[in-house]
Structure formats: C-alpha cells, structure tokens
Amino acid sequence: MSTIAEIDTTHEEFTILRRDIHAHPELAFQENRTSDVVAERLASYGIEVHRGLGKTGVVGVLRGSKTAAGGKPRSIGVRADMDALPMPEHNRFAHASRHEGRMHGCGHDGHTAMLLGAAKYLAKHRDFDGIVNFIFQPAEEGGNAGAKAMMKDGLFEKFPCDEIYGIHNMPGFPVGHFAFRKGPTMASSNRFDIIVRGTGGHAAQPHKAVDTIVIAAELVGALQTLISRHKNPIDVAVVSVTQIHAGDAYNVLPGEAVIKGTVRTFSTEVLDEIESNMRRMAEMLPQAHGGSGELKFHRAYPPLVNWDAQTEFAMKVAQDTFGAENVDGNTPQHGGAEDFSFYLQEVPGSYLFMGNGEGAHREEKYIGMGPCELHNPNYDFNDALLPIGSTYWVKLVGAFFAR
Ligand SMILES: [Zn+2]
Ligand SMILES: [Zn+2]
C-alpha cells in the first residue's frame, strides 16, 4: 500500500501552499501570517479553530462522525511546527525567502503543509469515533520552547490528548523512508555561563593580580574532564565551550573572564551529574588560584524520550502503509534537541523522522554550493513528501481510533 489516491490529487494544492509558507518565513512567536493561513485553511475544512495558545499557536479540533454522545471521547494530538530560522537563504528559486535573514531552513513549512493536507482529508471523511487535535506550534527553534508556551496556556487541559505524535523530515534518508526509535532519541539542550572573577592588574606584574584569563584557560580544559573522567563512559554527553570573553588591552590583566557553552545529554540523570560537577569545578578551580567563580546553568529542552508502546504503534502504521522495507525501527540517536520533548513528559507518544532525500529535488541552477541539510542556506523541504506525510497522518489517526 502507498499514498491515498484522494490525497495525491491535492499534491499540487499543498505544494503551492508549502512554497507560499516557505517564501514568507516568520521567527519564533511571530508566526502571524503563517498562523492566519493555518487558521483559515482549517476553518475552510469545517474544523473548529482555537488561536492564541503560546501567542501564535493554533489548535484545530475535529470530532469524528461516529463519536458517541456523553462520556469522554478518545483523543489524539498531531503536531506540526510553524517557525523559521534567523538565517539567510542562498536558494534563488521562485519560492525562496522574501525576508532577508529569515529562512525555512528546517522544513517546518513542509510539516505545516503535510498536516493541513491530512486535516483536509480527515475533515471530509470524519469516519472515526473520537477527537483529533491538530496542533500547530510556534517557536520550536532556538530554545524558544513554543511547545512549553502552548502547554502553559492550557493546551492539554483545553484539548486533552490521550496520545501525541510529531514528525520531522530528515535529509539524507530516502524519500518514503521512515525512522523510529524507542526511548531517548534526541538530546537535551542546555546553556551555561561561567563568570571567573579575580583582581585585575598590570600585565607586567602578574604576581600582584589574580589573572582570570589563565584561570579561564585552565577551566576550558578541565571542563572536558566532565565527559572523560566524571561520567560513566557508556553514557553519551557533550560539553562544548563556544565563547570566551575577557580583556580589552595588551597590557592589562582583566578582572573578569566569561566562558559560555552548551551541554547535551540523553538523560536527565546524566545532566544532573554534569551540572553539579560543573558547578563544583567552576567555583573551586578559580578559588585554587585566589579568585572566585560562578556558574549559571540554563536547561532549555529536556531529552526527547519516545514512549515504547506508542513508538511500536506508529512504526506499525508506517510498515502497514509503506512496507516494512521502508521502516527503520532503530534509528541512531540524534544530537539535536526538539521541544516536542515537553509534550512527551506529560503525554504518551512518539516523534519520528521521514526521509527528505539527498537534495536532488532542488533544481540545480537555482541553488548554491551547500548541501540540502537542515539549517543549511541551500536546504529546501522536498515536496514529494507532502502526500506521503499526509497519508501517514491519516493512517495513524485511523489506526489510533481502530484500536
Ligand atoms: Zn531546526
Ligand atoms: Zn526542525
């Protein structure tokens, strides 16, 4: 079995829509035009529209025609993200970004179009017993946590979901290929600032100063022992220093140095351990030199942990629809972070990947030198995925209510 024939007939319609969204990228919590488009489309399908969750989020509620009156109906949440990235686009095709410094470089334009395609079909047929909540989320990128913002505005209280699912396109995986993983699948993303304080002084008289630059340099090396010496080697984690700021002159030892960076882990336990070891190191290593240190640690997104039963279910739908040969049930962990993780902390569900191909869908004369990778200025969502993704959503919803 493959794509639904009726969905194939809407391929052009949703390609035009996807390219329109691509041409008008909007950043976190500013998805005003995009959410207007989503809301108008949902309403035109006869779906009940709710706006304003997480500022620009939209929820479409569709009640199946077989839903029994009274009692609590079963419900499923299906989610797409709507935001673009603050980056330039190098593509020159007709649907390239019309806004300098903004780009749909992660394919959220495609995720939105795919889910609208499914919404159109499901609203027309409605042949199920229960409620589908179409969740169009703002601000997935850059640690802005649009998912959390929608939850804070009562997403699951107003629109209860027994289970929730999300899809991300994945360049490099073949088109029509689906990838799943149970358990920890994407990393937590966290930021840290270490402020090293000493007494500044004359560069020619270091014995009269506490040199924060020497301390900071030592700390950068020491921080790597959080990974190599202070953590169980079988646990995966990354500590990267990405900024060092200190000093303004050739002959002055600065009184303060600041180190910034990121920590990635696949479990909260490992993260707790790294944070507490980092705090000890950040405070005590400067003290050993007569200075002082302070750690500010910010947890942006928790690790994304897929639920076992829901992942098996979502995988079976892909196998039954597109063939087992197109389904990888044990895709490697991904070091990126994703705020779908917040939903999965409260509601059982799964987050899966769909192949976006190698980039051959882009017309060569209109693209730059770079690869078709996520967050690359030459990326473009592959429109061949639209009927595949919409079909998958429809089949997933159907199978959920048929259980
Ligand atoms: Zn992204
Ligand atoms: Zn993304």
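The values are calculated or read from the model by the stated rules, or taken from the named source; none is laboratory data. Please read all numbers here as calculations on a predicted model, not as lab measurements. With ideal geometry, Cβ positions are generated from the backbone for all residues, glycine too; neighbour counts draw on all protein chains shown. Quick note on the areas: whole protein, heavy atoms, side chains included, nothing else; ligands and nucleic acids left out. Shrake-Rupley method; radii C 1.70, N 1.55, O 1.52, S 1.80 Å.
Report note on the peptides 30-40, 162-172: ranked by the mean count of other C-beta atoms within 10 Å, highest first, their order is 162-172, 30-40. On the chain, 52 percent of the accessible area sits on carbon and sulfur atoms, based on a 1.4 Å probe. Cα convex hull of the stretch 8-161: mean projected area in nm², to one decimal? If you wrap the Cα atoms of the stretch 8-161 in a convex hull and average its projections, you get 9.0 nm². Largest GNM mean-square fluctuation among PRO88, PRO206, PRO303, using the chain with Cα springs under 10 Å: PRO206.
Shape class for the stretch 1-90, computed from the alpha carbon gyration tensor (a ≥ b ≥ c): oblate, with a/c not under 1.5 and a/b at or below b/c. Pairs exceeding 21 Å between alpha-carbon atoms, taken from LYS66/LYS148; LYS120/LYS182; LYS55/LYS182; LYS55/LYS152: LYS66/LYS148; LYS120/LYS182; LYS55/LYS182. Taking every alpha-carbon pair under 8 Å whose residues sit at least 6 apart, the stretch 82-229 reaches a relative contact order of 16 percent. Peptides 366-377, 191-202 ranked from most to least packed by the mean count of surrounding Cβ atoms within 10 Å: 191-202, 366-377.
For THR199, the residues whose amide H sits under 5 Å from its own are VAL210, ignoring neighbours fewer than 5 places away on the same chain, with H placed 1.01 Å from N.
Angle between the Cα long axis of helix 11-23 and the longest principal axis of the chain, 0 to 90 degrees, nearest 10? The helix 11-23 is inclined about 30 degrees to the chain. For helix 268-288, report the angle its Cα long axis makes with the longest principal axis of the Cα atoms of the chain; keep it between 0 and 90° and round to the nearest 10°. The angle comes out near 20 degrees. In this structure the stretch 262-403 gives 41 Å² per residue of accessible area when probed at 1.4 Å with all protein chains present. Per-residue packing, averaged as other Cβ atoms within 10 Å, sorts the ranges 304-311, 104-111 into the order 104-111, 304-311, beginning with the highest.
Classify the chain as rounded, prolate or oblate, taking a ≥ b ≥ c as the square roots of the eigenvalues of its Cα gyration tensor: rounded when a/c is under 1.5, otherwise prolate if a/b is larger than b/c and oblate if not. Prolate, since a/c reaches 1.5 and a/b exceeds b/c.
One Cα centroid belongs to the stretch 70-112, the other to the stretch 309-358; the line between them spans 19 Å. Computed from backbone phi with θ = phi - 60° and the Karplus coefficients 6.51, -1.76 and 1.60, the 3J(HN,Hα) list for the stretch 164-173 is 9, 9, x, 10, 10, 6, 9, x, x, 8 Hz; x is used for glycine and proline.
Accessible surface for the stretch 12-54, divided over its residues, is 43 Å² per residue with a 1.4 Å probe.
With all protein chains kept in place, the per residue accessible area of the stretch 108-161 amounts to 30 square angstrom at a probe of 1.4 angstrom.
Sort the stretch 150-276 into rounded, prolate or oblate with this rule: let a ≥ b ≥ c be the square roots of the eigenvalues of the Cα gyration tensor; rounded if a/c is under 1.5, and if a/c is not under 1.5, prolate when a/b is larger than b/c, oblate otherwise. Prolate.
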